[in-house]
Amino acid sequence: MTATHSTRMLILGSGPAGLSAAIYGARAGMAPIVVQGIQPGGQLTTTTDVENYPGFREVIQGPWLMEEMQAQAEHVGAQMMYDTIVEIDLSQRPFRLIGDGGTVYVGDVLVIATGAQAKWLGLDSEEDMKGKGVSACATCDGFFYRGKKVAVIGGGNTAVEEALYLTNHSHDVTLIHRRDTLRAEKILQERLFANPKITVLWNKGVERFVDGGGNAGLVGIELKDTVTGAVSTLDVEGGFVAIGHHPATELFRGHLELDEDSYIAVETGSTRTSVPGVFACGDVMDKVYRQAVTAAGTGCMAALDAERFLAEADFEKVAEAAE
């Protein structure tokens, strides 16, 4: 027989946004169920040193932080389910979702915290060097490269913004782009070209991230000229891949309003989506900040929005019954 789990608050995703929503939802008596998804703990489980999450004076480890968040959520009453949702029905409340093993989840409200994944170049050397000099988040990791030579790969707004941000820490930032023009907004390009700390390498594609061996980490990036085919090596200690993000929203296409970049659209200043009773938080709706602390903040917002929605719905139900 197919198992069915029902709850007042159903949460998809178990990163900082989903678990913060679970903590607030549980404390409000909604006994939330968290369906953890394909990557329990979210992107922080693949991050080593975390130095910008409030409350910890020393560097902490991403996986440890997520274990603590989950333990806190469970301590106050949230239930974790190790499953991945493959089918949804948001046409009526309560909402009905189905896991990949056939388990049915029913929720009076739904909080979506499925996150987003950074796009990578797909190189073997890139995978080997993640956390050892290669990153996809300058805001997260730039601090670790104070006074070091770094490079940013990309040509859009994200890449230019990352390069500009890194000048706060590095005197020598190189932007690597495989074309001869940038896609970034003109105002950002003007700021980039005016910054004496930034050099742009045009028509260069990344062939390999060079490992210095031992504890050295990244020591260079092997480049190939997209016009001449010439191969060269740029000596750097930090490489930041900034070619965009994939929000995990494919499941909701046709069910919820998405923006032009496929992020879930929410009402300004809230987590309310186009379907009443469905709320979105974290990187699945935030393409600007994408930080653990902002994800946690919107997770709190989603739980509070959901609590108010249920209180209003319950009041209306009682009022209708009394008529």
Failed condition for residue 126, given (1) closer than 30 Å to residue 304 by Cα; (2) touching a residue at least 60 places away in the same chain (Cβ under 8 Å):
(1)
Out of everything in the range 24-41 that is buried (at least 21 other Cβ atoms within 10 Å of the Cβ) and part of a helix (DSSP H, G or I), what residue ends up being farthest from the chain's Cα centre (by Cα)?
26
Return a yes/no flag: does the range 183-195 have any residue that is β-branched (Val, Ile, Thr) and either under 21 Å from residue 245 (Cα atoms) or touching a strand residue (DSSP E or B) at 6+ places or on another chain (Cβ under 9 Å) (or both).
no
Condition check for residue 108: within 23 Å of the chain's Cα centre (by Cα), charged (D, E, K, R), at pLDDT 95 or above and open to solvent by 20 Å² or more (accessible area, probe 1.4 Å):
no
So, residue 21, is that one within 25 Å of residue 98 (Cα to Cα), part of a helix (DSSP H, G or I) and either open to solvent by 60 Å² or more (accessible area, probe 1.4 Å) or touching a residue at least 12 places away in the same chain (Cβ under 8 Å) (or both) or not?
yes
Yes/no for residue 79 being open to solvent by 50 Å² or more (accessible area, probe 1.4 Å) and either within 30 Å of residue 207 (Cβ to Cβ) or free of Cβ contacts under 8 Å to residues at least 24 places away in the same chain (or both):
no
Residue list for the range 219-264, restricted to those being under 18 Å from residue 183 (Cβ atoms) and either in a strand (DSSP E or B) or of a type in the set (Lys, Arg) (or both):
240, 241, 245, 246
Sort out which residues of the range 146-158 are at pLDDT 95 or above and open to solvent by less than 30 Å² (accessible area, probe 1.4 Å), and write them in order of number.
150, 151, 152, 153, 154, 155
Any idea which of (1) more than 28 Å from residue 106 (Cβ to Cβ); (2) open to solvent by 10 Å² or more (accessible area, probe 1.4 Å) is the one residue 248 doesn't satisfy?
(1)
Residue tally, condition on the phi > 0 side of the Ramachandran plot, open to solvent by less than 20 Å² (accessible area, probe 1.4 Å) and within 21 Å of the chain's Cα centre (by Cα), over the range 271-323
1
Could you say whether any residue in the range 115-123 is touching a helix residue (DSSP H, G or I) at 6+ places or on another chain (Cβ under 7 Å) and open to solvent by less than 70 Å² (accessible area, probe 1.4 Å)?
yes
Go through (1) of a type in the set (Val, Ile, Thr); (2) over 30 Å from residue 146 (Cβ atoms); (3) in contact with a His (Cβ under 8 Å, 6 or more places away or on another chain) and name the single condition residue 273 misses.
(3)
Residue 92, sole failed condition from (1) open to solvent by less than 20 Å² (accessible area, probe 1.4 Å); (2) without any contact (Cβ under 8 Å) to a residue 12 or more places away in the chain:
(1)
Are any residues in the range 258-269 open to solvent by less than 60 Å² (accessible area, probe 1.4 Å) and in contact with a strand residue (DSSP E or B) (Cβ under 8 Å, 6 or more places away or on another chain), and if so, which ones?
258, 262, 263, 264, 265, 266
If you scan the range 78-105, which residues turn out to be in contact with a Lys or Arg (Cβ under 8 Å, 6 or more places away or on another chain) and more than 13 Å from residue 278 (Cα to Cα)?
104, 105
Please go through (1) more than 27 Å from residue 125 (Cα to Cα); (2) buried (at least 17 other Cβ atoms within 10 Å of the Cβ); (3) touching a Ser or Thr at 6+ places or on another chain (Cβ under 9 Å) for residue 195 and return the number of the only condition it doesn't satisfy.
(2)
Filter the range 207-231 down to residues that are touching a helix residue (DSSP H, G or I) at 6+ places or on another chain (Cβ under 8 Å) and among the aliphatic types (A, V, I, L, M) and give me whichever is farthest from residue 125 (Cα to Cα).
218
Only residues in the range 276-293 that are assigned to a loop (DSSP other than H, G, I, E, B) count as the first member; pair them with residues that are crowded, with 20+ Cβ neighbours inside 10 Å and among the acidic types (Asp, Glu), Cβ under 7 angstrom, at least 6 apart or cross-chain, and list the lot.
290/283
For the list (1) at positive phi; (2) modelled with pLDDT of 90 or more, I need the number of the one condition that residue 15 fails.
(1)
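The values are calculated or read from the model by the stated rules, or taken from the named source; none is laboratory data. Keep in mind that this is a model prediction, so the values were computed, not measured. As a convention, Cβ positions derive from the backbone with ideal geometry for all residues, glycine included, and neighbour counts pool all protein chains shown. Ligands, DNA and RNA are stripped out before the accessible areas are found, and what is left, the full protein with its side chains, is counted by its heavy atoms. Shrake-Rupley method; radii C 1.70, N 1.55, O 1.52, S 1.80 Å.
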